[in-house]
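Notes to accompany the following structure.
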Number of protein chains: 2
Amino acid sequence: MAEVAATGAGGEAMAAVAAGEGSLGPVPSWRLTGFSGMKGLEETAQEAGLPVRAELSPPFPTLGIGMDSCVIPLRHGGLSLVQTTDFFYPLVEDPYMMGRIACANVLSDLYAMGVTECDNMLMLLSVSQSMPEEEREKITPLMIKGFRDAAEEGGTAVTGGQTVVNPWIIIGGVATVVCQPNEFILPDSAVVGDVLVLTKPLGTQVAVNAHQWLDNPERWNKIKMVVSREEVELGYQEAMFNMATLNRIAAGLMHTFNAHAATDITGFGILGHSQNLAKQQRNEVSFVIHNLPIIAKMAAISKASGRFGLLQGTSAETSGGLLICLPREQAARFCSEIKSSKYGEGHQAWIVGIVEKGNRTARIIDKPRVIEVLPRGTTATPLAPENSSASSEPSL
Amino acid sequence: MAEVAATGAGGEAMAAVAAGEGSLGPVPSWRLTGFSGMKGLEETAQEAGLPVRAELSPPFPTLGIGMDSCVIPLRHGGLSLVQTTDFFYPLVEDPYMMGRIACANVLSDLYAMGVTECDNMLMLLSVSQSMPEEEREKITPLMIKGFRDAAEEGGTAVTGGQTVVNPWIIIGGVATVVCQPNEFILPDSAVVGDVLVLTKPLGTQVAVNAHQWLDNPERWNKIKMVVSREEVELGYQEAMFNMATLNRIAAGLMHTFNAHAATDITGFGILGHSQNLAKQQRNEVSFVIHNLPIIAKMAAISKASGRFGLLQGTSAETSGGLLICLPREQAARFCSEIKSSKYGEGHQAWIVGIVEKGNRTARIIDKPRVIEVLPRGTTATPLAPENSSASSEPSL
């Protein structure tokens, strides 16, 4: 009960705060509750037409972003709680696949720590108040089914969550596991001479945008010289498949091949996440990226559109691959093993860079080799841009 | 590695689904990504003006809502993972207090299980894209600080989370604890003769709405005969204080006084949550509620406005009290103990009902006694409506 008594003191502090700040707000007529259509839980309201600045949100001002999951030592016998959450808005049109992607994206933060198990998942969902009810009743169960199916593939289950009504659709979740120390790999042990491996091709952001531009003549005109509608459709399908693929096999192989550190590639692009990972290293190392495996045609679209920065490594990815530091002698074996048929179709990995002595930074070389990754089922070799190669066995 | 291999099979199943459902959508021009302003992670867009139906969202179609937290047996020595998530929109104007309320509301689901510790919290946040950046930079840190301070009062810390941009502000979180079996109380053991205790007064929904009606002449005109502006302000402050108060002390006392079951009162009101709790009982019992402790004046506002159903027990609460089944001989001691100064100011509890033999339902008697709970600091006794009492020692 000592803890409970201590809480009482906190309660008094709060009372003082409440008394002092009770009517806080920039101006008297300003209302925080104005920033929701759900006035007082009960009112009806009108959402004003507003310009949307579509930025990736900044991380928490005061929370570290060093690791993909938080790791909390528990009160019980050497165990740790490893936990992560993520949610976002629809970026593909298929509700079932959107659910799968959201789940794969959440689990990926555990997999980046080399964790292969998940004890529990919660689902976070908002349905759109602008969607007709009939449509909502079709779409929502499909998203939920996609999410749950991916959770099941990850050997876990969704046992709870929260659903709200919102102007936009939101889908995401929470993944939690309680681990013994040998079940996770802290992302801080890269050594000079290590090799960097990436387990999914880049270009998901370009692919989903290009797919939306099929219906936007102004945008389409800027890229139609470098890509056909069929290639955009293929690239989009490939991106969707990759985003929905779990990084679980890669997480398991991190243990087999003695990985020294890893992260997953999401909103900051391969360069941003490489930099984050480099910062956390105990040794004085830097990461240098030589090769960029990219979904076929996406490099050309990125260049033609003048957006994204895909070749600069700054294009956001969703549910991207793991970037793993491996001992040099293990990296090729990792890339070969993950393609083994025993893990099913569709798993790939490429050596993309090296670990040098340095001051915990990361960079991409001036003219990285672009590896054009062909959509599955494709047999024709696409036209390779200048510094590209359609090979999956790059040199460094 | 067996599990990893099994995943491979799941991957193939997914590939088949992706191939079959890749372009799924009700009509060819329909786009799921249309239900977000964040087109393709990168576009700008215009959010159309849309009517907002402000309803409490339904629970997950296929997930149980029986317990306030999910309880997952772990692979490690008899331990269980107890976990919950909740998020919602601003309902008070003070950003700091809004953060505290959001945190108290999440933790409350653990406390309802008699859990007093929390190993980790994640924060879920969206900032409004309609809020000027300058204002956003003032408001957001205050909400985060409120959330973190309440977490600290709960003996835990926020170690991660997710922030996005959204038309509306969202705040919420995830609370997780790993427990030994004696640390939580499953909410299924009520017996005939037990007494029901409630640890916060009802009326938060009425209070926050009435406070908004101060600026809405049409609405205000309907209630101004029964309440003054000052009383609305006092009731609002009292509601805010109560919503921001942790149910942690009550959770600790559940163990001291041998509680048989508990839940917390939120969106379904006291009647809805009593019914949910009754359904889960192993014994053939029913809950009968005789007394309704209500923030002073809120019963009158509820009646005058013709909304809410506060006296019918259906008015939604946010971060409400725990409703606890206790052995009859322990209930009065619980109510007396929680007011002890050793737990700090502001904790209260009332005996509100009894457990009878029955078919796992709950009801409120025809003319429940309304206990008008005076805002702290108030000395005057408000005019009591007909079947009301300002006493805190109700009879049953």
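Rule-based calculations on the coordinates, nothing more; no lab input. Values in this document were obtained by computation on a predicted structure and should not be read as measured data. Cβ coordinates were reconstructed from backbone atoms using ideal geometry, including for glycine residues, and neighbour counts include every protein chain displayed.
The table for this structure:
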read-out: Relative packing of peptides A:98-108, B:109-119, A:157-167, B:208-218 - highest average C-beta neighbours within 10 Å first; value: A:98-108, B:109-119, A:157-167, B:208-218
read-out: Nm distances between copies for residue A:303, ranked from closest, using label points 7 Å along Cα→Cβ; value: 7.8
read-out: For the range B:194-373: relative contact order, % (alpha-carbon pairs under 8 angstrom, 6 or more apart); value: 42 percent
read-out: Karplus 3J(HN,Hα) series, Hz, for the range A:229-236 with 6.51 cos²θ - 1.76 cosθ + 1.60 (x for Gly, Pro); value: 4, 5, 5, 5, 4, 4, x, 5
read-out: Label-to-label distance, nm, for residues given as residue B:224 and residue A:376 (7 Å Cα→Cβ offset); value: 6.8 nm
read-out: Assigned charges on the beta-carbon of Lys, Arg, Asp, Glu; the range B:194-373 dipole about Cα centre (debye); value: 340 debye
read-out: Shortest-first distances to equivalent copies, position residue A:152, nm, label 7 Å out along Cβ; value: 4.5
read-out: Shape call, the range A:174-325: gyration tensor on alpha carbons, a/c limit 1.5; value: prolate
read-out: Base-10 log of normalised Debye intensity for the range B:59-179 (one unit scatterer per alpha-carbon) at q = 0.10, 0.13, 0.14, 0.21 Å⁻¹; value: -0.32, -0.53, -0.60, -1.13
read-out: Computed FRET value (nearest 0.05) for residue A:359 with residue A:255, which takes r as the C-beta separation and R₀ as 45 Å; value: 0.95
read-out: The range B:236-313: C-alpha gyration tensor shape, a/c 1.5 cut-off, then a/b vs b/c; value: oblate
read-out: Extended-chain gain in nm, criterion 0.36 nm per residue less alpha-carbon gap, residue B:336 and residue B:312; value: 5.9 nm
read-out: Other protein chain Cβ atoms within 10 Å, averaged over every residue that makes up B:328-339; value: 0
read-out: Considering only the range B:59-179, percent of DSSP beta bridges that pair antiparallel, nearest 5; value: 70 percent
read-out: Residue-averaged beta-carbon neighbours from other chains (10 angstrom radius) around B:74-82; value: 5
read-out: Shielding by other protein chains, A:91-104, mean Cβ within 10 Å; value: 4
read-out: Shape call, the range A:116-217: gyration tensor on alpha carbons, a/c limit 1.5; value: oblate
read-out: Label 7 Å beyond Cα on the Cβ vector: residue B:137 copy-to-copy distances, nm; value: 4.8
